[in-house]
Amino acid sequence: LVDQPTVGEWNLQGLPNDDLSVQNGIIVTKATRYPLLIDPQGQGKIWIKNKEKDHELQVTSLNHKYFRTHLEDSLSLGRPLLIEDINEELDPALDNVLEKNFIKSGSTFKVKVGDKEVDVMSGFTLYITTKLPNPAYTPEISARTSIIDFTVTMKGLEDQLLGRVILAEKAELESERTKLMEDVTANKRKMQELEDNLLYKLTSTQGSLVEDESLITVLAITKETAAEVSEKLIVAADTEIKINEAREEYRPVATQGSILYFLITEMSMVNCMYQTSLRQFLGIFDISLDRSEKSPIPAKRIHNVIEYLTFAVFRYSCRGLYETHKFLFTLLLALKIDLQRASISHDEFQVLIKGGAALDLNAVQPKPCKWILDMTWLNLVE
């Protein structure tokens, strides 16, 4: 469905490199229906803006006073259109566009937008994003669009935070890695183009292949360039291993940051008022990197950042919690950190949280004495 150079380009444009994000990227680019991105953290929107910036992307919203003009201009000029931050309903003017009810008129296509017919030029594509974390769309909207969940994953956020740590601590390493990714992507793309060109020549050649001079020339160029590119890719692979080894040293900071962010977002299940955006969290993360105690020894520096970050997030979160929920947050914070460090097992965590409540009294061995309470016995059995 997608080649490696394309995935590399997407990563450079801001798409996280975990499997789920790559699959989301494939759906966005390959699906027959226009994509609707559930994007509470805004990373899908950033990727689309970077991806389409060379194609004169038009950004609008449903309540923009020139929304209809933006839609008509994008259709007639063949430009991509991004409708951002929608709620649970869409403008009826989009119905024909989403259903691709295009009417052939001579050599071009037209579509009805409201009561007006507008030309549809090749190059037009539509992206829709919402910040709602769990929207309930009507079956009509679900049928007309490809709904894609772009909510940040733990692994995706960890990689994102690692990039920020390296940028703050070893900026030259991150810029070297970015340049290396660009070079590798460009070289792989070149290899792909050469292979495609060669295949095209082989299939379109009439008569004897040996007598076709242009084909022999293309073969020679392809062989020479392929050898150069392969050599560059081998060198790049070695360099990438060294850079990644240096980056991995700071991985614990990113892991801790990812755990803390997901704990904060989970608190919204306790009370819907406890909402924290990714941008807010990244602000705290950057401040922690800046204000934590510096040290020339990486291990000491990492420890200082983790300590400062954990306390900064705890202080920031507790400021917005009801008194009755502060203890719950503190307990979960300690347990999540211990789970990540493998100080406690997941089974032990489940026993503490649920106890014997998940068991059925008739399904377990009978109580040896009548004076033992049912709940106490279930907890003991568990």
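The values are calculated or read from the model by the stated rules, or taken from the named source; none is laboratory data. Keep in mind that this is a model prediction, so the values were computed, not measured. Every residue, glycine as well, gets a Cβ built from its backbone with ideal geometry; the counts of neighbours run over all protein chains shown. Heads up: the accessible areas ignore ligands, DNA and RNA and are worked out on the full protein's heavy atoms, side chains in. Shrake-Rupley method; radii C 1.70, N 1.55, O 1.52, S 1.80 Å.
In the set (1) closer than 20 Å to Thr145 by Cβ; (2) surrounded by fewer than 18 Cβ atoms within 10 Å (Cβ to Cβ); (3) over 15 Å from the mean Cα position of the chain (by Cα), the condition left unmet by Lys65 is number (1).
Residue by residue, here is whether (1) at pLDDT below 90; (2) within 26 Å of the chain's Cα centre (by Cα); (3) not in a helix (DSSP H, G or I) holds:
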{"residue": "Arg247", "(1), (2), (3)": "yes, yes, no"}
{"residue": "Ala254", "(1), (2), (3)": "no, yes, no"}
{"residue": "Phe262", "(1), (2), (3)": "no, yes, no"}
{"residue": "Ile287", "(1), (2), (3)": "no, yes, no"}
{"residue": "Pro296", "(1), (2), (3)": "yes, no, yes"}
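Of the residues Ile337, Ile306, Ile302, the single one that is open to solvent by less than 80 Å² (accessible area, probe 1.4 Å), assigned to a helix (DSSP H, G or I) and over 30 Å from Asn271 (Cβ atoms) is Ile302.
Of all residues in the stretch 46-62, those that are open to solvent by less than 10 Å² (accessible area, probe 1.4 Å) and either in contact with a strand residue (DSSP E or B) (Cβ under 6 Å, 6 or more places away or on another chain) or not aromatic (Phe, Trp, Tyr) (or both) total 2.
In the stretch 12-45, what residues are hydroxyl-bearing (Ser, Thr, Tyr) and surrounded by 18 or more Cβ atoms within 10 Å (Cβ to Cβ)? Explain how you work it out, then say what you get.
Taking the stretch 12-45 as the starting set, the residues that turn out to be hydroxyl-bearing (Ser, Thr, Tyr) are 21, 29, 32, 34.
Selection gives Ser21, Tyr34.
So, of the residues in the stretch 146-201 that are closer than 22 Å to Glu228 by Cβ and out of contact with any helix residue (DSSP H, G or I) (no Cβ under 7 Å at 6 or more places or on another chain), which turns out to be most open to solvent (accessible area, probe 1.4 Å)? Don't jump to the end; show me each part of the working.
Narrowing the stretch 146-201 to residues closer than 22 Å to Glu228 by Cβ: 176, 179-201.
Now restrict to residues that are out of contact with any helix residue (DSSP H, G or I) (no Cβ under 7 Å at 6 or more places or on another chain): 179, 186, 193, 195-196, 199-200.
Details: Lys179: 121, Ala186: 60, Glu193: 111, Glu195: 95, Asp196: 82, Leu199: 105, Tyr200: 143 Å².
Among residues in the stretch 146-201 that are closer than 22 Å to Glu228 by Cβ and out of contact with any helix residue (DSSP H, G or I) (no Cβ under 7 Å at 6 or more places or on another chain), the one most open to solvent (accessible area, probe 1.4 Å) is Tyr200.
Considering only the stretch 91-101, I want to know if a residue exists there that is surrounded by 19 or more Cβ atoms within 10 Å (Cβ to Cβ), under 30 Å from Leu309 (Cα atoms) and touching a helix residue (DSSP H, G or I) at 6+ places or on another chain (Cβ under 8 Å). No.
Would you check if there is a residue in the stretch 353-370 being under 20 Å from Glu249 (Cβ atoms) and open to solvent by 70 Å² or more (accessible area, probe 1.4 Å)? Within the stretch 353-370 (the criterion being under 20 Å from Glu249 (Cβ atoms) and open to solvent by 70 Å² or more (accessible area, probe 1.4 Å)), the answer is no, since none of the residues qualifies.
Sort out which residues of the stretch 309-334 are open to solvent by 80 Å² or more (accessible area, probe 1.4 Å) and among the hydrophobic types (A, V, I, L, M, F, W, C), and write them in order of number.
Step one: filter the stretch 309-334 for residues open to solvent by 80 Å² or more (accessible area, probe 1.4 Å), giving 311, 315, 319, 322-324, 327.
Answer for the stretch 309-334, where residues must be open to solvent by 80 Å² or more (accessible area, probe 1.4 Å) and among the hydrophobic types (A, V, I, L, M, F, W, C): Phe311, Phe327.
Within the stretch 139-169, the set of residues being polar (S, T, N, Q) and without any contact (Cβ under 8 Å) to a residue 40 or more places away in the chain comprises Ser142 only.
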